[in-house]
């Protein structure tokens with residue numbers, strides 16, 4: 001999915017592609033496909049009830065896991081001057 005989102009032609013024309021698909025197929029099928037692929041990959045949810053558990057998982061993962069490696073990476077750039 002990420003590969004498709006890296007194609008400038010697709011990104012630039014995404015609204016036109018969606019409009020075309022909705023006209024030809026109706027809105028239900030394109031919305032379902034987008035919801036199960038792009039949306040679920042890039043978004044945590046459509047409502048607060050869906051989003052809060054995702055944000056909590058993200059927060060606690062950062063606090064207990066990858067944060068340690070993140071702090072190591074930040075310390076590697078300590079002498080960096082822009």
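Numerical summary
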quantity	calculated
Hey, residue 77 exposed (fewer than 11 other Cβ atoms within 10 Å of the Cβ) and modelled with pLDDT of 80 or more or not	no
Residue count for the range 2-32, restricted to those that are touching a residue at least 12 places away in the same chain (Cβ under 8 Å), within 16 Å of the chain's Cα centre (by Cα) and assigned to a helix (DSSP H, G or I)	1
Breaking point among (1) modelled with pLDDT of 80 or more; (2) assigned to a helix (DSSP H, G or I); (3) surrounded by 10 or more Cβ atoms within 10 Å (Cβ to Cβ), for residue 61	(1)
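The values are calculated or read from the model by the stated rules, or taken from the named source; none is laboratory data. Note that this is a predicted model, so its numbers are computed, not measured. Quick reminder, even Gly has a Cβ in these numbers, built from the backbone with ideal geometry, and neighbours come from all protein chains shown.
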